[in-house]
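J.: First the structure, then my questions, so here it is.
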Amino acid sequence: VLYDAETDTYLVSTINGAPLEKDGNGFITELKPDGTVVAAKLVEGGKNGVKLDAPKGTALKDGVLYVADIDTVRLFDRKTGAAKGEVALKGATFANDVAHGPDGKIYVTDSGLNAKFEGTGTDAIWVITPGKKPTAKVLVKSKDLHGPNGILVTKDAVHVVTFGAPELHTFDLKGKKVGELTKLPNGGLDGLVMVGDELLVSSWGAKTIYRGKLGGEFKPAFEDLEAPADFGFDTKRNRVLVP
């Protein structure tokens, strides 16, 4: 779920099938904060020339919605849902989360998994430079990333949580590792959001969203969440949006 502060609506990705199945039926719904459906399928695979298989993480920049879709990042017009191109992540196997950096670039994680959720060794962080012809390159690639999933970009750092280990990694914008590795109490980490000076991280392993600070202790903030995935944060209502 992604909160769009400009329109005050929520954008919800639906894989609609298996997470790596190229079935062309993924879609994105737009909701009002009270649950009213603005558009059941703002973006719909197979309609209006849209290709969308298994959408996961999303990010917004300059009226364009960037969507992670298996081995590609697809671009759509934020208002109309019309297709606006795509950027291939050559060799990627499980494009997962997307973040817009203050540097104007788009950052994407490849969790390096196959359909059985086994490692493929493609674990990486990619960076896309927008423009008339957007380009993608690998920022960091290493099995030590242990299935990078949720990603957050600040003015001078890229933070990533891992699905395969209870870890939070930090890199500079050139891909160099900085600081100490932050350990969390449980794994299967997915979503990552900054609220004030704290981080919220969702864990499938603990069915929990943890709260804590970089390098510090993380404690449960919300518990008993079945498969908490890539969540959003409604800055207007101070509301965590958990799919």
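J.: Only residues that are among the β-branched types (Val, Ile, Thr) and either touching a residue at least 60 places away in the same chain (Cβ under 8 Å) or under 20 Å from residue 70 (Cβ atoms) (or both): list them for the stretch 8-50, please.
T.: Residues of the stretch 8-50 among the β-branched types (Val, Ile, Thr): 9, 12, 14-15, 28-29, 36-38, 43, 50.
Result: 12, 14, 15, 28, 29, 43, 50.
J.: Keeping to the stretch 80-132, report how many residues are among the small types (Gly, Ala, Ser) and either in a strand (DSSP E or B) or open to solvent by 30 Å² or more (accessible area, probe 1.4 Å) (or both). So that I can check it myself, show each step before the final result.
T.: Going through the stretch 80-132, the residues among the small types (Gly, Ala, Ser) turn out to be 81-83, 85, 88, 91-92, 95, 99, 101, 104, 111-112, 115, 119, 121, 124, 131.
This time we only want the ones that are either in a strand (DSSP E or B) or open to solvent by 30 Å² or more (accessible area, probe 1.4 Å) (or both), so: 82-83, 85, 88, 91, 95, 99, 115, 119, 124, 131.
Of the residues in the stretch 80-132, 11 are among the small types (Gly, Ala, Ser) and either in a strand (DSSP E or B) or open to solvent by 30 Å² or more (accessible area, probe 1.4 Å) (or both).
J.: Here is a follow-up. Tell me whether the stretch 41-52 contains one or more residues that are more than 26 Å from residue 131 (Cβ to Cβ) and touching a Lys or Arg at 6+ places or on another chain (Cβ under 9 Å).
T.: Scanning the stretch 41-52 turns up at least one residue that is more than 26 Å from residue 131 (Cβ to Cβ) and touching a Lys or Arg at 6+ places or on another chain (Cβ under 9 Å).
J.: Got at least one residue in the stretch 161-171 being without any contact (Cβ under 8 Å) to a residue 40 or more places away in the chain, more than 28 Å from residue 120 (Cα to Cα) and outside any loop (DSSP other than H, G, I, E, B)? Spell out the reasoning first.
T.: Going residue by residue through the stretch 161-171, those that are without any contact (Cβ under 8 Å) to a residue 40 or more places away in the chain are 162, 165-167, 169.
From what's left, more than 28 Å from residue 120 (Cα to Cα): none.
Checked against the condition, which is being without any contact (Cβ under 8 Å) to a residue 40 or more places away in the chain, more than 28 Å from residue 120 (Cα to Cα) and outside any loop (DSSP other than H, G, I, E, B), the stretch 161-171 yields no hits at all.
J.: Also: Which residues, counting only those in the stretch 187-215, are in a loop (DSSP other than H, G, I, E, B), surrounded by 15 or more Cβ atoms within 10 Å (Cβ to Cβ) and free of Cβ contacts under 8 Å to residues at least 24 places away in the same chain?
T.: 206, 207
Per-residue answers, yes or no, for (1) within 18 Å of the chain's Cα centre (by Cα); (2) under 18 Å from residue 218 (Cα atoms); (3) among the aromatic types (Phe, Trp, Tyr):
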residue	(1), (2), (3)
109	yes, no, no
127	yes, no, no
171	yes, no, yes
187	yes, yes, no
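J.: Let me ask something additional. State which residue is modelled with the lowest pLDDT when the search covers only the stretch 165-180 and only residues that are in contact with a Ser or Thr (Cβ under 8 Å, 6 or more places away or on another chain) and open to solvent by 30 Å² or more (accessible area, probe 1.4 Å). Steps first, answer last, please.
T.: To start, the set of residues in the stretch 165-180 that are in contact with a Ser or Thr (Cβ under 8 Å, 6 or more places away or on another chain) comprises 166-170, 177-179.
Keeping just the survivors that are open to solvent by 30 Å² or more (accessible area, probe 1.4 Å) gives 166, 177-179.
Details: 166: 98, 177: 96, 178: 95, 179: 89.
Among them, the one singled out is 179.
J.: Anything in the stretch 6-61 that is modelled with pLDDT under 95 and among the polar types (S, T, N, Q)? List them, or say none.
T.: 48
The values are calculated or read from the model by the stated rules, or taken from the named source; none is laboratory data. Keep in mind it's a predicted model, so treat the numbers as computed, not measured. Cβ atoms come from the backbone with ideal geometry, glycine included; neighbour counts cover every protein chain shown. Calculation scope for accessible area: heavy atoms of the full protein, side chains included, ligands and nucleic acids excluded. Shrake-Rupley method; radii C 1.70, N 1.55, O 1.52, S 1.80 Å.
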